[in-house]
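Visitor: Input: one structure, supplied below.
The values are calculated or read from the model by the stated rules, or taken from the named source; none is laboratory data. These numbers were taken from a predicted model, which means no experiment stands behind them. Using ideal geometry, Cβ is built from the backbone for each residue, glycine included, and neighbour counts are taken over all protein chains shown.
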Amino acid sequence: MYTVITANGCTFCQKAKATLSTTGIAFQEFNLSKDKWVTTLVKQAGHKTVPQIFDSDGAYVGGYVQLIDYLSLT
């Protein structure tokens, strides 16, 4: 199961979730507005944008553009 860190109103977050859904990849979402503890982790990791995506092994994928490349959908 992939992990997607999102924020409200984020177009790329919506695209990432839609891409995972349409390719049949299960994911769990953590939203910065709802899951406040995730904000601390994202800041400590030095990330400044969302989405932040991790594959089922916990490896860092990146954002939406990197997800498309990672899944070879380009």
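Visitor: Please note which strands (runs of 3 or more DSSP E) are completely contained in the chain and include at least 1 residues that are of a type in the set (Ser, Thr, Tyr) and modelled with pLDDT of 95 or more.
Guide: Fully inside the chain and qualifying: 2-6, 60-62.
Here's the yes/no breakdown for (1) touching a helix residue (DSSP H, G or I) at 6+ places or on another chain (Cβ under 8 Å); (2) farther than 15 Å from Tyr64 by Cα; (3) among the charged types (D, E, K, R):
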{"residue": "Tyr2", "(1), (2), (3)": "yes, no, no"}
{"residue": "Cys10", "(1), (2), (3)": "no, no, no"}
{"residue": "Ser21", "(1), (2), (3)": "no, no, no"}
{"residue": "Ser33", "(1), (2), (3)": "no, yes, no"}
{"residue": "Thr40", "(1), (2), (3)": "no, yes, no"}
{"residue": "Lys43", "(1), (2), (3)": "no, yes, yes"}
{"residue": "Pro51", "(1), (2), (3)": "yes, no, no"}
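Visitor: Please name all residue pairs, on different chains or six or more residues apart, with Cβ atoms under 6 Å, provided the first residue is in region 24-40 and is surrounded by 10 or more Cβ atoms within 10 Å (Cβ to Cβ) and the second residue is at pLDDT 90 or above and among the small types (Gly, Ala, Ser).
Guide: Short answer, once both residue conditions are applied: Leu32/Ala7.
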